[in-house]
1. With a cut-off of 14 Å, note down the residues of the range 26-70 whose backbone N falls inside the zone around a label point 7 Å from the Cα of Q10 toward its beta carbon.
2. Students often get this wrong, so try it: which of (1) 53; (2) 45; (3) 59 is percent of Cα pairs over 15 Å apart as calculated from the structure shown?
3. If the only charges are +1 at each Lys and Arg Cβ and -1 at each Asp and Glu Cβ, what is the size of the charge dipole of the chain around the Cα centre, to the nearest 20 debye?
4. Defining a contact as two alpha carbons under 8 Å apart and six or more residues distant in sequence, what relative contact order in percent does the chain show?
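Coordinate-derived values only; no laboratory data. As the structure is a prediction and not an experimental result, all values here were calculated from the model. Every residue, glycine among them, receives a Cβ derived from its backbone with ideal geometry; neighbour counts consider all protein chains shown.
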Amino acid sequence: MVEVFKTNIQDAQIADFIVGELEKHFPSASINFDLNDCDNILRIDHHENVIDKVLLLFENLGHFCELLVD
């Protein structure tokens, strides 16, 4: 399932760091940012529900993240 999040990440280096942190928790997931999108989108494709863990990780790192719903 693909989850899409709105973030406050604007810097590619910070995005790369966060992807690395997420990959530690979800090594089999496909994870990427779209920093060209106005919502600085984070997409995570994983076979299990990752929403709560992603929100908590962003909070612990001091960044904003919210789930975008259809």
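1. Correct set: 35-41, 64.
2. Calculated percent of Cα pairs over 15 Å apart: the matching label is (2).
3. 120
4. 46
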